[in-house]
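Below is one structure, written out as structure tokens, with a few remarks after it.
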Amino acid sequence: MSTLRFIMVGGFLGAGKTTTLARLARHYMDQGKRVGLVTNDQAQDLVDTHSLRQQGFPVEEVAGACFCCKFNDLMDKVSALETNERPDILLAEPVGSCTDLVATVVQPLKDLYGDRFSVAPYTVLFKPSHGLKILRNEGGGFSPKAAYIFNKQLEEADAVIINRLDELTPAQSDELYRLVTDKLPGVPVVRLSARTGAGFDGLTELLDQQGNFGRKILDIDYDIYAEGEAELGWLNSSARVKASTPFSMDQFLLDVVDGIKQSLAGTGAEVAHLKAIGLWEGFFGVANLVSSQTAPELSLASGYDVQEADVIVNARVAMDPEDLKTHVHKVLSDQCTKRNAALHDQQTQSFRPGRPTPTHRYAAAK
Ligand SMILES: Nc1nc2c(ncn2[C@@H]2O[C@H](COP(=O)(O)OP(=O)(O)OP(=O)(O)O)[C@@H](O)[C@H]2O)c(=O)[nH]1
Ligand SMILES: [Mg+2]
């Protein structure tokens, strides 16, 4: 029986995991291979799942908690993909605030289902906007407990991928490379732009390596980890927007993300990732904001004017989730008013992520 190649790409919220997985999926499909993707979120209505499906990839979603706490769901979704898509390669994106994935996902996968899978090196994407401050110990941005999660994610990686190379000057890229290699001696570090594809060969060569990967079991304090995750307000909101005259879906998404950024500006709450997707009649657009200090952007444009659209907002911000909900609802409502539009069937979940309780945890690597 042939084995399924299991590629999981971790990394902090907004590091570029979904963008990287989409590029990897396209790369393997161009080679004639079949792929299946599994996304993961603490709640329903994940922007990434819609975005990847709209890009034409077979996607299953594990919702409600991270892969580590929903290990059996992950295996069920993988089985569904195997039945329906017969993939050669499985691409998995864990929740961006999650760590300890080697002990709780990779090790059980290898131990309990080793004959079904061949596990690729566990790669973790490095997010420069927050990572530079954290590795320089500069403070600002996130709390020490959130920085703890960021650091733990790096520590369990077989390889670290510094992303957003297109935005870094050579000096910034070299400084990041030095900071990461000093922190993790002997760990391969690749520099990549998931957006432009620069450095992509370095990632695919790394992922093609054969060996016994996913063996770095963390020494981790689950109290700090749980408190770090619980500092985040987590919000997923969906609604149908209906207007009397056509409006630009892309501008609406950008204005919503920018509006939330502006609305939060006075609160001092750090944005980990804001994303909004608009969907209508097969067209879709996505807007993002990856930190409070950067500019919102349209990462995938629909180029479409609509009178109706299904809009989903995902917000991960270090603040009280009820306050976050108030900000997001107000911005959505204001942007609709500007367009003589109304929101219908709005559904919102907002909460602090609960303490992670993994299905399995291996204290030593097999
Ligand atoms: N300039 C630039 N932008 C990038 C790059 N990679 C990703 N992005 C952008 O960064 C934002 C976040 O990317 P995602 O791929 O959604 O990040 P993620 O890690 O999946 O985020 P979560 O799922 O929320 O944790 C999007 O606006 C992307 O277009 C890159 O290499 N360069
Ligand atoms: Mg993602």
Practice prompt. Calculate one ³J(HN,Hα) per residue across the stretch 128-137 by plugging θ = phi - 60° into the Karplus curve 6.51 cos²θ - 1.76 cosθ + 1.60, and present them in order as whole Hz with x for glycine and proline.
Written response: x, 4, 9, x, 4, 5, 5, 6, 7, 6
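Taking a ≥ b ≥ c as the square roots of the eigenvalues of the Cα gyration tensor of the stretch 243-333, is the shape rounded (a/c under 1.5), prolate (a/b larger than b/c) or oblate? Each step should come with its number before you reach the end.
Details: a/c = 2.35, a/b = 1.79, b/c = 1.31.
It comes out prolate by the Cα gyration axes.
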Worksheet, complete the sentence: If R0 = 35 Å, then Ala365 and Ile224, at their Cβ-Cβ distance, give a FRET efficiency to the nearest 0.05 of 0.95
Worksheet item: How far is it, in nm, from the label point at Asp88 to the one at His344 when both lie 7 Å from their Cα along the line to the Cβ?
Response: 4.5
Worksheet entry | Cysteines in the chain lacking a second Cys C-beta under 4.7 Å | Cys68, Cys69, Cys336
Discussion item. At 1.4 Å probe size, put Leu112, Leu90 in order of accessible surface, largest to smallest.
Written reply: Leu112, Leu90
Worksheet entry | Relative contact order of the chain, defined on C-alpha pairs under 8 angstrom at six or more residues apart (%) | 21
Discussion item. For Glu297, what accessible surface area do you get with a 1.4 Å probe? Give it in Å², rounded to 10.
Written reply: 50
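Would you work out if the chain is rounded, prolate or oblate? Take a ≥ b ≥ c from the square roots of the eigenvalues of the alpha-carbon gyration tensor; rounded if a/c is under 1.5, else prolate when a/b is larger than b/c, oblate otherwise.
Numbers: a/c = 1.59, a/b = 1.34, b/c = 1.18.
Here the chain falls in the prolate category.
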Worksheet item: On a 0 to 90 degree scale, rounded to 10, what angle separates helix 170-183 from the longest Cα axis of the chain?
Response: 50
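Assuming R0 = 30 Å, what is the FRET efficiency of Lys33 and Glu281, from their Cβ-Cβ distance, to the nearest 0.05?
On the way: r = 31 Å, r/R0 = 1.02.
Working from the Cβ atoms, E equals 0.45.
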Worksheet item: Please state the relative contact order of the stretch 267-360 as a whole percent: Cα pairs under 8 Å, 6+ residues apart?
Response: 25
Response to the item:
For the stretch 103-184 the mean separation of alpha carbon contacts under 8 Å (6+ apart) over residue count, i.e. relative contact order in percent, is 35
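Go through Lys77/Lys152; Lys17/Lys110; Lys17/Lys183; Lys145/Lys261; Lys127/Lys183 and tell me which ones have a Cα-Cα distance over 20 Å in this structure. It would help to have the intermediate numbers written out before the result.
On the way: Lys77/Lys152 27 Å; Lys17/Lys110 22 Å; Lys17/Lys183 22 Å; Lys145/Lys261 23 Å; Lys127/Lys183 15 Å.
In this structure, Lys77/Lys152; Lys17/Lys110; Lys17/Lys183; Lys145/Lys261 exceed 20 Å between Cα atoms.
Ignoring any ligand, DNA or RNA, what whole percent of the accessible area of the stretch 174-286 comes from carbon and sulfur when the probe is 1.4 angstrom? Walk me through the intermediate numbers first.
Details: 2230 of 4690 Å².
About 48 percent, which is the carbon plus sulfur part of the accessible surface.
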Worksheet, complete the sentence: Calculated from DSSP helices alone, with each H run of at least 4 adding -39500 (n - 2.57) and the total divided by the residues of the chain, [θ]222 nm to the nearest 500 comes to -11000 deg cm²/dmol
Item to complete: Round to the nearest 0.05 the FRET efficiency obtained for Asp334 and Asp305 when R0 = 22 Å and r is the Cβ-Cβ distance.
Response: 0.65
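The values are calculated or read from the model by the stated rules, or taken from the named source; none is laboratory data. These numbers come from a predicted model, not from an experiment. In this analysis, Cβ positions are derived from the backbone assuming ideal geometry, glycine residues included, and neighbour counts consider all displayed protein chains. All accessible areas refer to the heavy atoms of the entire protein, side chains included, with ligands and DNA or RNA removed. Shrake-Rupley method; radii C 1.70, N 1.55, O 1.52, S 1.80 Å.
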